[in-house]
Amino acid sequence: MRLSGALQLVVLAWVAAGGTALAADPPPIKIGEISSYSALPIGTRGYRQGWELARDEINGKGGVLGRKLEIISRDDAGKPDVAITAAAQLVEAEQVDLLTGTILSHVGLAVADFARQKQIYFLASQPLTDALIWEKGNRYTFRLRPSTYTQASILAKEAAKYPARRWATIAPNYEFGQAAVAGFKRELTRLRPDVEFVSEQWPPLGKVDAGAIVQAMSAANPEAVFNATFGSDLAKLVREGTTRNAFANRAVVSILAGEPEYLAPLKDEAPAGWLVTGYPPGEIKTPAHDAFLKAYVGRFKETPNIGALIGYINTIMLAKAIESAGSTKADDLIKATEQLKADTPVGNIAFRAIDHQSTMGVYIGKLAVRDGQGVMTDWRYVDGADFQPADAEVLAKLKN
């Protein structure tokens with residue numbers, strides 16, 4: 001039988017290609033990712049490396065639903081309007097299947113509202129504000145990282161054991177800081193009705209006047225302090241407080257201060273004895289975390305920080321949700337995520353259908369200095385499922 005000229009050319013091309021199938025590879029699953037890379041380089045570099053590692057591991061095993069994951073990343077510069085522009089470009093020009101990311105609470109809220117308007121699935125990886133899942137939550141938005149409610153409640157339970165009655169608070173004056181203080185005060189006063197808050201300091205995010213803050217706090221003569229500053233603000237506060245001896249003989253409870261990205265700049269100036277939430281990567285001895293740690297260090301030649309852990313787990317959860325849904329349609333992903341349970345380097349994580357909050361837990365411990373570097377000691381992992389609000393409380397907060 002003689003082949004037509006056109007068909008002969010097709011066969012010759014197939015042979016030249018090594019006899020591989022002529023059908024094109026299935027299109028990738030496009031994930032639009034947004035974070036404050038330029039505004040918070042210390043916290044977001046590890047986060048990017050974490051999701052890159054997970055993406056490549058998943059794709060190396062064949063991807064999800066027979067398709068590779070393609071993560072298209074954008075920088076929001078720490079600004080809600082920039083984030084919305086980036087989200088619109090990802091959805092309209094890049095035609096991503098879903099959105100993920102953000103770290104700052106006000107940025108996360110902006111992207112969540114965009115997801116609601118565009119009816120696109122959004123897994124918020126790092127923003128901590130509880131408004132994201134409650135007062136301003138919506139059916140398209142989920143949140144991975146342990147909530148402000150969870151972290152503040154865990155710290156308050158430990159703080160209630162201190163003899164201190166007079167408390168001061170120091171927190172950045174934006175969504176996360178306000179929520180952290182409100183949550184800590186609510187839970188501590190519930191557990192210890194005898195406590196009183198004698199001072200509240202609200203420095204602008206990234207612009208803390210540490211000298212004035214420490215002086216005002218000390219003037220109120222508190223017996224203990226709750227701190228929610230982080231990043232460069234935390235470093236300035238610690239150094240000024242040490243210089244003025246402001247934290248001596250005062251218990252300090254500090255949300256986020258045990259995270260490696262915030263401890264590293266302090267080195268041997270890390271405030272020993274502070275009770276903190278954080279992440280002790282080199283000391284967690286479980287097979288799943290050991291595998292993550294080995295893979296991360298092997299590729300990036302550095303120890304992962306909390307951002308790296310979040311980026312890695314976030315991508316795992318996205319892949320599991322897509323796999324469970326059997327598609328990338330928003331409604332299918334929502335239904336799948338509301339029932340999702342997955343093993344991760346920190347153990348099993350699920351999402352609550354009622355408010356779309358994950359049950360990821362918190363590492364809590366005290367700060368110490370070892371070999372010239374701040375570390376967490378006497379730490380333990382607290383399951384986030386044990387510190388979630390009751391359904392009735394959530395329903396009272398839900399708006400949509």
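The values are calculated or read from the model by the stated rules, or taken from the named source; none is laboratory data. These numbers come from a predicted model, not from an experiment. Methodologically, a virtual Cβ is constructed for each residue, glycine included, from the backbone with ideal geometry; neighbour enumeration extends over all protein chains shown. The accessibility values were calculated without ligands, DNA or RNA, using every heavy atom of the protein model including side chains. Shrake-Rupley method; radii C 1.70, N 1.55, O 1.52, S 1.80 Å.
Can you work out the Karplus-derived ³J(HN,Hα) for every residue in region 236-252? Use 6.51 cos²θ - 1.76 cosθ + 1.60 with θ = phi - 60°, whole Hz, and x for glycine or proline. Using θ = phi - 60°, the values come out as 5, 5, 4, 5, 5, x, 5, 4, 8, 6, 6, 9, 5, 6, 10, 6, 10 Hz. Answer rounded, prolate or oblate for region 171-240, using the Cα gyration tensor with square roots of eigenvalues a ≥ b ≥ c: rounded when a/c is under 1.5, else prolate when a/b is larger than b/c, else oblate. Taking the square roots of the gyration eigenvalues as a ≥ b ≥ c, region 171-240 is oblate. Semi-axis lengths, largest first, of the ellipsoid equivalent to region 316-400 are 32, 19, 10 Å, with √(5λ) applied to each eigenvalue of the Cα gyration tensor. Based on DSSP H segments of at least four residues, each scored -39500 (n - 2.57), the chain has a per-residue ellipticity at 222 nm of -13000 deg cm²/dmol. With the simple spin-label model, which puts each label point 7 Å out from Cα in the Cβ direction, the Lys341 to Ala368 separation comes to 3.6 nm.
Over the chain, what relative contact order in percent results from Cα pairs under 8 Å that are six or more residues apart? That works out to 17 percent.
Which residues among region 99-139 fall inside the zone where the amide N is under 20 Å from a point 7 Å beyond the Cα of Trp202, along Cα→Cβ? Within reach of a label on Trp202, which here means backbone N under 20 Å from a point 7 Å along Cα→Cβ, region 99-139 contributes 104-110, 128-132, 135-136. Label zone (Ala385, point 7 Å along Cα-to-C-beta; backbone nitrogen cut-off 17 Å) within region 341-372: 341-363. Students often get this wrong: which residues of region 363-379 have the backbone nitrogen under 12 Å from the point 7 angstrom along Cα-to-C-beta of Ala272? Inside the label zone: 367-375. Per-residue Karplus couplings for region 275-290, computed as 6.51 cos²θ - 1.76 cosθ + 1.60 with θ equal to phi - 60°, are listed in order as 8, 9, 9, x, 7, x, x, x, 10, 7, 10, 10, x, 5, 6, 4 Hz, Gly and Pro entered as x.
Charge tally around Arg370: other residues with Cβ under 15 Å, Lys/Arg +1 each, Asp/Glu -1 each, net -3. In region 140-270, taking the dipole from charged Cβ atoms about the Cα centre, the farthest positive-side position among Ser254, Ile154, Pro203 is held by Ile154. Under 1.5 on a/c is rounded, so check that first for region 237-345, then, if it is not, pick prolate when a/b is larger than b/c and oblate when it is not; a ≥ b ≥ c are the square roots of the alpha carbon gyration tensor eigenvalues. Judged from the Cα gyration tensor, region 237-345 comes out prolate (a/c at least 1.5, a/b above b/c). Rounded to the nearest 20 debye, the dipole magnitude of the chain is 180 debye, with +1 charges on Lys and Arg beta carbons, -1 on Asp and Glu beta carbons, and the Cα centre as origin. The protection proxy used here, the mean number of other Cβ atoms lying within 10 Å of each residue, ranks peptides 210-222, 55-67, 253-265 as follows, highest first: 253-265, 210-222, 55-67.
Straight-line cross-link reach from Lys30 at under 16 Å between alpha-carbon atoms covers these lysines, not counting any fewer than eight positions away in the same chain: Lys68, Lys320, Lys329. With N the number of residues in the chain, Rg(Cα) / (2.2 N^0.38 Å) evaluates to 1.09. In this label model, Ser232 and Thr286 are separated by 3.6 nm, measuring between points 7 Å along each Cα→Cβ vector. Among the protein heavy atoms of region 149-253, carbon and sulfur supply 47% of the accessible surface, probe 1.4 Å, non-protein parts ignored. In this rough spin-label picture, where each label sits 7 Å from Cα along the Cβ direction, the Thr85-Asp194 distance is 5.6 nm.
The residues of region 351-400 have, on average, 49 Å² of accessible surface per residue, using a 1.4 Å probe with all protein chains present.
Considering only beta bridges that DSSP places wholly inside the chain, some 35 percent are antiparallel.
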